[in-house]
Amino acid sequence: MPLLEVTNLRTWFPVTTGLLRRHTGDVKAVDDVSFAVEEGTTVGLVGESGSGKTTLGRTVLKLTPATGGSIRYNGREILPLSQRAFRPLRREMQMIFQDPFGSLNPRLSILSIIAEPLEIHFPEMTRADRRERVAGLLRQVGLAPEMMTRYPHEFSGGQRQRIGIARALAVKPKFIVCDEPVSALDVSVQAQIVNLLQDLQEELGLTYLFIAHDLAVVEHISNHVLVMYHGKIVESASAEALYADPQHPYTRKLLAAVPTVG
């Protein structure tokens, strides 16, 4: 049984006009999407900006309300669950955000940022236990524990993304949506973050939905690739098959846009 199973998922945003806010149509950000993610694997989700990738990722985590369809996590239907009923599952399903500059509160120290989810989900932990857990998480993502007293503006983009990864790992999740986690970083740093995510997956048995617009990045981390275009999945194949023999014209265009040396 897949860890995550999405069936006929729709996320539409209403379009209204006039003073009476009359409903005149819908923006179909996610339109009849179905896919599955096996435990311990990575499914890459690619497409250009505006194709609906981030909305799909946010809908899967119930951060954006779905219009219809089904999302089953570990065999359990999660769409009808209230936020309170979903809260125990929230621990298992986390997100790494695209912008390492905007996703960290500049007013909080790194200790406070990473410890915040621990305070919410593990209220029984003492302050000393939280501090020890944060130190361990920083080591896990390749940062020194003494950095926890510093603030986000004191770190580079790659270091901030490592902090974002540590925050996502704090509550020991099983499934992580990686929303373009390397798109805002320099190319040299991108490889380091992708390698870190692969190492963590192997070490902790994590399952990823890895969202990107760059097919070259997705190739190195994904077992299976979904290609999204205008809210729909237009191609679904193993990473090996998709890169060797893309079937859809849009996939071929995306692959043709990947820069090659020389």
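Numbers at a glance
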{"item": "Considering residues of segment 208-262 that are under 16 Å from Gln190 (Cβ atoms) and not hydrophobic (A, V, I, L, M, F, W, C) only, the residue surrounded by the fewest Cβ atoms within 10 Å (Cβ to Cβ)", "result": "Pro259"}
{"item": "Candidate set: segment 1-43, residues that are in a loop (DSSP other than H, G, I, E, B) and under 19 Å from the mean Cα position of the chain (by Cα); chosen: the one farthest from Val194 (Cα to Cα)", "result": "Pro2"}
{"item": "Single unsatisfied condition, Leu226 versus (1) modelled with pLDDT under 90; (2) within 20 Å of Thr55 (Cα to Cα)", "result": "(1)"}
{"item": "Total residues in segment 194-210, condition modelled with pLDDT of 95 or more and either touching a Cys at 6+ places or on another chain (Cβ under 6 Å) or among the β-branched types (Val, Ile, Thr) (or both)", "result": "3"}
{"item": "Residues being on the phi < 0 side of the Ramachandran plot, in contact (Cβ under 8 Å) with a residue 60 or more places away in the chain and in contact with a strand residue (DSSP E or B) (Cβ under 8 Å, 6 or more places away or on another chain) - total across segment 69-94", "result": "7"}
{"item": "Top-ranked residue in segment 44-87 [being part of a helix (DSSP H, G or I) and over 16 Å from the mean Cα position of the chain (by Cα); ranked as surrounded by the most Cβ atoms within 10 Å (Cβ to Cβ)]", "result": "Phe86"}
{"item": "Listing of helices (runs of 4 or more DSSP H) fully contained in segment 209-262 that carry 1 or more residues being of a type outside the set (A, V, I, L, M, F, W, C) and in contact with a Gly (Cβ under 9 Å, 6 or more places away or on another chain)", "result": "215-221, 249-256"}
{"item": "Candidates Gln161, Gln192, filtered to the one that is within 28 Å of Glu119 (Cβ to Cβ), of a type in the set (S, T, N, Q) and touching a helix residue (DSSP H, G or I) at 6+ places or on another chain (Cβ under 7 Å)", "result": "Gln161"}
{"item": "Meets criteria (out of contact with any Lys or Arg (no Cβ under 7 Å at 6 or more places or on another chain) and aromatic (Phe, Trp, Tyr)) for Phe155", "result": "yes"}
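The values are calculated or read from the model by the stated rules, or taken from the named source; none is laboratory data. Note that the coordinates shown come from a computational prediction; the quantities given were computed from them, not determined experimentally. Note that we place each Cβ from the backbone using ideal geometry, even for glycine, and neighbour counts take in every protein chain shown.
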